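The values are calculated or read from the model by the stated rules, or taken from the named source; none is laboratory data. This structure is a prediction, so every number in the text was calculated from the model and none was measured. Here Cβ is always computed from backbone atoms with ideal geometry, including for glycine, and neighbour counts include all displayed protein chains.
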Amino acid sequence: MSAVKSGLIGAAAVGGVIAVLFASGTVKLSGSGDESSSSSADDEDGGDGKASKKGRKGRKGRKGRRGRRGSKKGGNLESLGYIGAVDIAEKDKGKVGTTINDESRAHQGLSLYNPCAWGRKYRKAAGGKVLREARIINNAGEILHAWSTDFVPDPKRGWAMAKMDAEGNLYAVNARSGFVKLDWDSNTVWSVKKGFHHDFNFAPDGKIYALVEHGRHVTFKDQKFDLLDNGIVILGPDGSVEKELWLFDLLHDLPELDAHISGRLSKHAPKGGLAHDEDEDGFDEEEGRVLFGRDLFHANTLNFATKTIEGVMNEGDIITSVREMNMVFVLDKETFAPKWHWGADELQKQHDPEQIDNGNLLVFDNGKQRRYSRVLEVDPTTEKIVWEYKDEDFFSNIRGLSQRLPSGGTLVVSSQRGRAFEVTPEGEVVWEYWSPDVLGGKLRVPLRLERLQGDALAFAQKQIDEGKGNPQGASKPKRGGPSRTDATGDAEPADAKAPTGAPDEPEKPADAPEAKPG
């Protein structure tokens, strides 16, 4: 959430006290009742906190499942899909909405967030439905406005990220399938079906840069294999695709990429062109399908530099995170060539590097192997860590965001646990919010959340002050699915009739590779 993000658009942020009532189970707002690659065992502890014995048993058990799914053609496949519903730890049951709000020290304002309410586990608990929605809340957790959509490029996948611009438009990535722009009233301005994923951002020239993926056949040191390449698509203001750039081409000459690919290929030689390394996203358990090619990059962030740092970056350069290399990259805004990188010996499956006002980088370090997460502030000139937040109760094995706030505090989004909180420079929690999307009192939906800032904040506040906020989302009927419950527990039944023109099945993107059998 660079200053470009905050100044031009604000970022995608926190969400409201809204819950979901599902046909398959009761959803409660109170009482007892994270791109990315995560196995079911990673989910045993709720995606936050320390791994349980059950989780360790789960990891052992996955080997058998890999063997069964792996067949002769595909090799061993690990289930590493995005988790859309996480088991709630006993200590977290009953925690929903705002639980801490120190008004004298916490940054007061509006936040926008989207629940990551999709995936097999979520659909099973939610009666087969997927939630595509973003919400604006205040610090008390009250929902003030919401967006929802009829754009369904893939009925099994929901929103991976949503952000608002300075004119009140909402942009949302439908995971691995599409990108949509909605106006303040949830009307579709334009939409694109393509392999968009994880993140996007608004460039100073008004264009939109977004992460995409596609499968391609590559040759590396005389070895041929299929790669799930990640790239950057540049969209015009009308959503038209103007340019595509791919990481395999951009990073091809880096010694670090040579070492990374060589190491992965030496660990598991390519067989049949499918991802089958035990630490790769070959089999997506959430969707029950084999992805095309090895996931050797897994980019998960797209930000812009807001200050020039001599020898490191210029204002407007691209900042991205390549999760599988444990590295943050700066790409030249003109040539797109890599000009700075860091993290290989320090980070573990990180997310969301962004430049803050003092020129340093703020990075969410997931710590997948360590089993605890950190937020780091790094001086890019010395490559030294100058500030760190960590806690034994803080762990998001996948997803995750962080944001330096005008108050001097830092917003931390422990996505998989469904928890967002603000800490002071000394590490004291002064605001805390828990996702209210709870299924049957047992599962919580992960979230992505950011504070609105700059012109985006001003627009949203003006609309809400004038009574133009719509907590119910789209004014037109919604697709059949879970009803929503407000803070009082009064449920609004979902409309079972799909809106006119809503597709039953998505059209296949023109550039989408065929998934090969496992």
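Here is a yes/no grid of residues against (1) among the basic types (Lys, Arg); (2) assigned to a strand (DSSP E or B); (3) modelled with pLDDT of 50 or more:
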{"residue": "407", "(1), (2), (3)": "no, no, yes"}
{"residue": "468", "(1), (2), (3)": "yes, no, yes"}
{"residue": "479", "(1), (2), (3)": "yes, no, no"}
{"residue": "484", "(1), (2), (3)": "yes, yes, no"}
{"residue": "497", "(1), (2), (3)": "yes, no, no"}
{"residue": "500", "(1), (2), (3)": "no, no, no"}
Of a type in the set (A, V, I, L, M, F, W, C), surrounded by 18 or more Cβ atoms within 10 Å (Cβ to Cβ), assigned to a strand (DSSP E or B) and within 16 Å of the chain's Cα centre (by Cα) - does that describe any residue in the range 188-195?
no
Any residue that is surrounded by fewer than 16 Cβ atoms within 10 Å (Cβ to Cβ) and either under 30 Å from residue 381 (Cα atoms) or at pLDDT 95 or above (or both) - is there at least one of those in the range 260-274?
yes
May I ask you to say which residue of 191, 148 is modelled with pLDDT of 95 or more, more than 24 Å from residue 444 (Cβ to Cβ) and not acidic (Asp, Glu)?
191
Search the range 306-333 for residues that are within 15 Å of residue 360 (Cβ to Cβ) and pair each with any residue that is among the hydrophobic types (A, V, I, L, M, F, W, C) and at pLDDT below 95 when their beta-carbon atoms are under 7 Å apart and the residues are at least 6 apart or on different chains.
306/3; 306/4
Quick check on this structure: which one of 314, 366, 358, 300 is on the phi < 0 side of the Ramachandran plot and touching a helix residue (DSSP H, G or I) at 6+ places or on another chain (Cβ under 7 Å)?
300
Taking residue 152, is it in a strand (DSSP E or B) and farther than 26 Å from residue 454 by Cα?
no
Restricting to the range 233-267, name every residue that is among the aliphatic types (A, V, I, L, M) and either more than 30 Å from residue 190 (Cβ to Cβ) or touching a helix residue (DSSP H, G or I) at 6+ places or on another chain (Cβ under 7 Å) (or both).
251, 254, 257, 259, 261, 265
